[in-house]
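All remarks here apply to the structure that follows.
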């Protein structure tokens, strides 16, 4: 009996010791605040059952920590009630979401939450005046108080009341800025600083419906006129810039005659069009007669959209600045590339080789490239690329790159030029990689020009590329999807954005993640979508792993594909690939490679 009592006392002492250590490591103030919040919001202990003092709060459901302090608290649609006053003591909290619960009463004083960036309290039962303490949160990035019973005036950052709009949702105002537009119930907020009146207002100061319609029409007409003038002004400047660059004339965007090889001259080596299986046959003369529109310039030449006489549309790349030892080397490489077929790759239909002309003919992708979807015409009036589309593009591009790596095991094929201008979008919204395999013809250079996507180990010789280099470039591409920032500003495919300089995107992301909360990294256009925070953080982790400075620390593409698919599930991708796209099976990989290596 005495021995049992001794063991019991020893266990209690050890439990008390480790509990004390856990509190010291985590921060006793945060732990106390969380337990007080649980007692108030879940008094029956039926919802937050895993919130126990014996466990590490950083592993409690809904909680994320940074340096042993609570930095993220997301408890949505859990039927929690009461007040969340204890949470106001979590001074390192940066994301707080309590939407779709039953919290009531006035919103507590939040002035101690100086690190708060995202605050979502919509669809509750909060009442009382608008919380004045929100104006002191200088780092607040987004605020949503919609679908509550709040009243009072909404102060502007200058302390003046702001006229509320529909009251449906707060709008992001940029990092480190005040959130001056706050959502609430539209029937409880006044139009000015006068006392609050609830219910329908039948006073004489109400505008008539006709007056409101004329005001709206007038605004639309004025905005349309301004937009038209701005379009004319910037299009004129853009046209001049394209027509004159460095004082020399450049190729026009639209041609009335073909930009392809001129008629044969004395001594001219006549080539021939070589087609791959299933491709529609046409002659070089058909291309010469076709109307052509320049799509853009890249490191290996200029791409055109060509409309043939029979109405078929193809993309033609006129290759320049390439190191080709001879016809046989070029033909061997084209034979390999022509056999690589995959739903997420742009198929090579045909090629033309002559001493002075080399052409590649591909399927035309009508929806442009990822660069313009992300960066083209940013600003008001633009339809941003939504999160689901970005995730689907990431998945498709990963599958295409995996297939290249597995298509011919003995040769260890690489793409060699992963960037957003080489991710095309087909008519069904699928991502398709183009320009793969052309790095084999890159010109030797002692100091190759970086384009923001190049792996550190490839900076010595751009021709010595590995599959690990592709993984690094793909990681940068994922960071571009997440941040909305272009890592290849100086080398943007000749699109004429006017930007200069190169952004080391992986280093910038790493510095922000070390110093600030991850939300600072993401594209502001993604802030309008709800419930995607976990997926964005997951894709960010994949991107940072791929863009590791050490090649040995980068995952292989089969694992990258699996991790991306697991973020939301395989159903997000419109194309269901065969198992060799994500399999490590040697037999499957060799079978896929046998087709391309024959």
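The figures follow:
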{"item": "Check on residue 295, in contact with a strand residue (DSSP E or B) (Cβ under 8 Å, 6 or more places away or on another chain), modelled with pLDDT of 80 or more and not assigned by TED's automatic domain parsing to the domain that holds residue 432", "result": "yes"}
{"item": "Test: residue in the range 498-517 that is in contact with a strand residue (DSSP E or B) (Cβ under 9 Å, 6 or more places away or on another chain) and modelled with pLDDT under 90", "result": "yes"}
{"item": "Matching residues in the range 417-434 - criterion: being surrounded by fewer than 24 Cβ atoms within 10 Å (Cβ to Cβ) and over 19 Å from the mean Cα position of the chain (by Cα)", "result": "427, 428"}
{"item": "Meets criteria (farther than 21 Å from residue 298 by Cα and either crowded, with 17+ Cβ neighbours inside 10 Å or modelled with pLDDT under 85 (or both)) for residue 471", "result": "no"}
{"item": "Wholly enclosed strands (runs of 3 or more DSSP E) of the range 333-431 bearing at least 3 residues over 23 Å from residue 454 (Cβ atoms) and in contact with a helix residue (DSSP H, G or I) (Cβ under 6 Å, 6 or more places away or on another chain)", "result": "348-353"}
{"item": "Total residues in the range 40-60, condition without any contact (Cβ under 8 Å) to a residue 40 or more places away in the chain and either under 19 Å from residue 121 (Cβ atoms) or not assigned by TED's automatic domain parsing to the domain that holds residue 144 (or both)", "result": "3"}
{"item": "Among (1) touching a strand residue (DSSP E or B) at 6+ places or on another chain (Cβ under 7 Å); (2) assigned by TED's automatic domain parsing to the domain that holds residue 272 - the single one residue 396 does not satisfy", "result": "(2)"}
{"item": "Qualifying residue in the range 71-84 (condition: in a loop (DSSP other than H, G, I, E, B), more than 22 Å from residue 532 (Cβ to Cβ), in contact (Cβ under 8 Å) with a residue 40 or more places away in the chain and not assigned by TED's automatic domain parsing to the domain that holds residue 525)", "result": "yes"}
{"item": "Which numbered condition residue 167 misses (of (1) farther than 23 Å from residue 35 by Cβ; (2) assigned by TED's automatic domain parsing to the domain that holds residue 42; (3) modelled with pLDDT under 90; (4) in a loop (DSSP other than H, G, I, E, B))", "result": "(2)"}
{"item": "Candidates 94, 81, 89, filtered to the one that is out of contact with any strand residue (DSSP E or B) (no Cβ under 9 Å at 6 or more places or on another chain) and within 25 Å of residue 59 (Cβ to Cβ)", "result": "89"}
{"item": "Tally, over the range 281-299, of residues that are under 17 Å from residue 365 (Cβ atoms) and either in contact with a helix residue (DSSP H, G or I) (Cβ under 9 Å, 6 or more places away or on another chain) or surrounded by fewer than 17 Cβ atoms within 10 Å (Cβ to Cβ) (or both)", "result": "3"}
{"item": "Hits in the range 290-329 - residues which are more than 20 Å from residue 368 (Cα to Cα) and in a loop (DSSP other than H, G, I, E, B)", "result": "290, 309, 310, 320, 321, 322, 323, 324, 325, 326"}
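Yes/no per residue for (1) in a loop (DSSP other than H, G, I, E, B); (2) surrounded by 17 or more Cβ atoms within 10 Å (Cβ to Cβ):
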residue: 38; (1), (2): no, yes
residue: 48; (1), (2): yes, yes
residue: 61; (1), (2): yes, no
residue: 96; (1), (2): no, yes
residue: 116; (1), (2): yes, yes
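The values are calculated or read from the model by the stated rules, or taken from the named source; none is laboratory data. As the structure is a prediction and not an experimental result, all values here were calculated from the model. Virtual Cβ from ideal backbone geometry, glycine too; neighbours counted across all protein chains shown.
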